[in-house]
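Participant: Quick one: this structure, given as structure tokens, is what I'll be asking you about.
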Amino acid sequence: MKNQIKLYLILGILFMELGGLGLHYTIHNPIRTGYGFVPITSGLLSIGLIPVLFIFRRTLHLAYLLNGFTVIVGVIAMSYFSLTRFPVWQNIMILLSKFVIGRAIFTLETYQLEPPPKINVWQYIRYPNMGFWYVHLVLFALVFILGKVLWR
């Protein structure tokens, strides 16, 4: 049953990435607009690489990291796009659900069903805890904001 659940979650990520690629293509078609090559390329790599990496236990950590960082970069970029050009907040929610599904696959394969042992506060920001992702989201956003402010 665990393998079936894992397969369904991997298919969920694959379908979500296919839908995201379709959204990218309609919002900023690189042929029509002249920009948008990075989201299209990221979408193609996500479709071809991340679901395959989630299949194998040996590459599970790499898949989890790639999935998480593509979500963080996508959330930051789409938030900027939403604030400056066209609101795509609903697409950000879809992207966040991709992260949650990836976290579910990782948790299913990594942890046992019993509750995890108590950890101290500093370990909450270490990999693979959720604080790791919160810290990286804030730091990536800060770097993006500083880049926009300093390179005007």
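Participant: Got a number for residues in region 34-54 being β-branched (V, I, T) and surrounded by fewer than 14 Cβ atoms within 10 Å (Cβ to Cβ)?
Facilitator: The total comes to 3.
Participant: A further question follows. Failed condition for T84, given (1) over 24 Å from H136 (Cα atoms); (2) surrounded by fewer than 11 Cβ atoms within 10 Å (Cβ to Cβ), with all others met?
Facilitator: T84 satisfies every listed condition except (1).
Participant: Spot the failing condition for P128; the list is (1) of a type outside the set (F, W, Y); (2) exposed (fewer than 15 other Cβ atoms within 10 Å of the Cβ); (3) outside any helix (DSSP H, G or I), and only one is missed.
Facilitator: (2)
Participant: For region 91-136, give me each residue that is among the acidic types (D, E) and closer than 11 Å to G68 by Cα.
Facilitator: Residues satisfying the conditions do not exist here.
Participant: Given region 1-118, what helices (runs of 4 or more DSSP H) lie entirely inside it while holding 3 or more residues that are within 26 Å of N129 (Cβ to Cβ)? Steps first, please.
Facilitator: Values: elements: 2-27, 30-33, 37-55, 60-84, 89-110.
Answer list for region 1-118: 2-27, 37-55, 60-84, 89-110.
Results for (1) under 17 Å from V88 (Cα atoms); (2) charged (D, E, K, R); (3) modelled with pLDDT of 90 or more, shown as yes or no for each residue.
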site: F15; (1), (2), (3): no, no, yes
site: G22; (1), (2), (3): yes, no, no
site: H28; (1), (2), (3): yes, no, no
site: T41; (1), (2), (3): no, no, no
site: F54; (1), (2), (3): no, no, yes
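Participant: Within region 37-52, track down each residue that is under 14 Å from the mean Cα position of the chain (by Cα) and not hydroxyl-bearing (S, T, Y).
Facilitator: Our first condition is that a residue be under 14 Å from the mean Cα position of the chain (by Cα); within region 37-52, this holds for 39, 42-47, 49-51.
Within region 37-52, P39, G43, L44, L45, I47, L49, I50, P51 meet the criteria.
Participant: Give V71, V75, V100 a once-over and let me know the one that is β-branched (V, I, T) and more than 20 Å from G48 (Cα to Cα).
Facilitator: Going through V71, V75, V100 in turn, the sole match is V75.
Participant: Among the residues of region 67-117, how many are over 26 Å from F144 (Cα atoms) and of a type in the set (S, T, Y)?
Facilitator: 3
The values are calculated or read from the model by the stated rules, or taken from the named source; none is laboratory data. What you see is a predicted model; the values in this text were computed from it and never measured. Note that we place each Cβ from the backbone using ideal geometry, even for glycine, and neighbour counts take in every protein chain shown.
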